[in-house]
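A quick write-up on the structure given underneath.
The values are calculated or read from the model by the stated rules, or taken from the named source; none is laboratory data. Everything quoted here is computed from the prediction, not taken from an experiment. All Cβ positions, glycine included, derive from the backbone under ideal geometry; neighbour counts span all protein chains shown. Just so you know, the surface numbers come from the protein's heavy atoms only, side chains and all, with ligands and any DNA or RNA stripped out. Shrake-Rupley method; radii C 1.70, N 1.55, O 1.52, S 1.80 Å.
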Amino acid sequence: SRAQVYEKGKSTNITFKDVAGLEGAKEEIQEIVEFLRSPQRYTELGAKIPKGALLVGPPGTGKTLLAKAVAGEAKVPFFSLSGSDFVEMFVGVGASRVRDLFRQAKEKAPAIIFIDEIDAIGRARGKNNGFNSNDERENTLNQLLTEMDGFGTNSGVIILAATNRADVLDAALMRAGRFDRQIYVDMPDLNERKEIFQVHLKPLKLDKNMDIDFLSKQTPGFSGADIANLCNEAALIAARKNKKFVEKQDFLDAVDRIIGGLEKKNKIIT
Ligand code: ATP
């Protein structure tokens, strides 16, 4: 993912303020922040804290960002791995990485484990999806299930995973006591795009005539990641022209460039 790399096991300095829009998802995930902040409040009443939640939504909508914000809000260490790292892996390596990650997180509990692109390891077992390392993928998935079952509900480790293909996941992952909650992270609407622009325009030196409403209206179909990219492209274009401020025209040029890029990408897929 495009997300920044953090030192493993350190908390992040990202909070909910950095995540624009996504009010529903933030509200749902707030409960996980509370579990991490004060687990005793729940366990003393005999409540079982959920082990994991699945963040489901299209690419670039802020799933990784939201997971990091949970760690930042709760001030707990953030451990992460990406399912795509396991695609071409030697026998035994995937499972042992999963084991290591859980061991480290348990040592530092309360903590968050984030698994990006979980579909790369979590596809339904027993179906060959054109993977050449299919057995190793299944080993990795089995190890993940074993780890999730192996630690007590109140171990203080909560696992968040992200996917844009919840439909292909092995049903075993969604069973009670595993990822039994799903949180939807959708594409932004007009108002949410405005909020995302507000976050990503902040570091730029803008011309006084910049108009966030205008930019938001020019960008239907843009994800949060596309908007972040657009803002930076516009600044690059302005800098190339030796401008003192980033102007509306720079954004329009950047929109053209990004839409051109998206069209090319779609052509390659189809
Ligand atoms: P993928 O599924 O492709 O991994 P993702 O849903 O995990 O994507 P992120 O990696 O969190 O998306 O988003 C990439 C970047 O886009 C973020 O680091 C941030 O700069 C920007 N971004 C995405 N969504 C938002 C948002 N809701 N608010 C602010 N910035 C956002």
Checklist outcome for this item: When residue 136 is run through (1) in contact with a strand residue (DSSP E or B) (Cβ under 9 Å, 6 or more places away or on another chain); (2) modelled with pLDDT under 90; (3) crowded, with 21+ Cβ neighbours inside 10 Å, the failure sits at (1)
Item to check | The one condition in (1) in contact (Cβ under 8 Å) with a residue 12 or more places away in the chain; (2) surrounded by fewer than 19 Cβ atoms within 10 Å (Cβ to Cβ); (3) of a type outside the set (Asp, Glu); (4) within 16 Å of the ligand (Cβ to nearest atom) that residue 216 fails to fulfil | outcome: (2)
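Residues are listed down the side, and each one gets a yes or a no for (1) in a helix (DSSP H, G or I); (2) farther than 16 Å from residue 111 by Cβ; (3) open to solvent by less than 40 Å² (accessible area, probe 1.4 Å); (4) without any contact (Cβ under 8 Å) to a residue 12 or more places away in the chain:
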{"site": "17", "(1), (2), (3), (4)": "yes, yes, no, yes"}
{"site": "20", "(1), (2), (3), (4)": "no, yes, yes, no"}
{"site": "32", "(1), (2), (3), (4)": "yes, no, yes, no"}
{"site": "48", "(1), (2), (3), (4)": "no, yes, no, no"}
{"site": "67", "(1), (2), (3), (4)": "yes, no, yes, no"}
{"site": "70", "(1), (2), (3), (4)": "yes, no, yes, no"}
{"site": "81", "(1), (2), (3), (4)": "no, no, yes, no"}
{"site": "84", "(1), (2), (3), (4)": "yes, yes, no, no"}
Checklist outcome for this item: When every residue in the range 34-44 that is charged (D, E, K, R) and loosely packed, with under 13 Cβ neighbours inside 10 Å is compared, the one nearest to residue 64 (Cα to Cα) is 41
Next on the checklist: I'd like the residue in the range 177-204 that is of a type in the set (Lys, Arg) and modelled with pLDDT of 95 or more and, out of all such residues, is nearest to the ligand (Cβ to nearest atom).
Outcome noted: 193
Checklist entry - Just checking, which of 179, 197, 222 is touching a Gly at 6+ places or on another chain (Cβ under 8 Å) and surrounded by 14 or more Cβ atoms within 10 Å (Cβ to Cβ)? => result 179
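Which residue, of 87, 91, 70, 5, is at pLDDT 95 or above and not small (Gly, Ala, Ser)?
The unique qualifying residue is 70.
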Item to check | Conditions (1) within 14 Å of the ligand (Cβ to nearest atom); (2) assigned to a helix (DSSP H, G or I); number of the one not met by residue 172 | outcome: (1)
Checklist entry - Do we have any residue at all in the range 98-109 that's part of a helix (DSSP H, G or I), charged (D, E, K, R) and over 24 Å from residue 35 (Cα atoms)? => result no
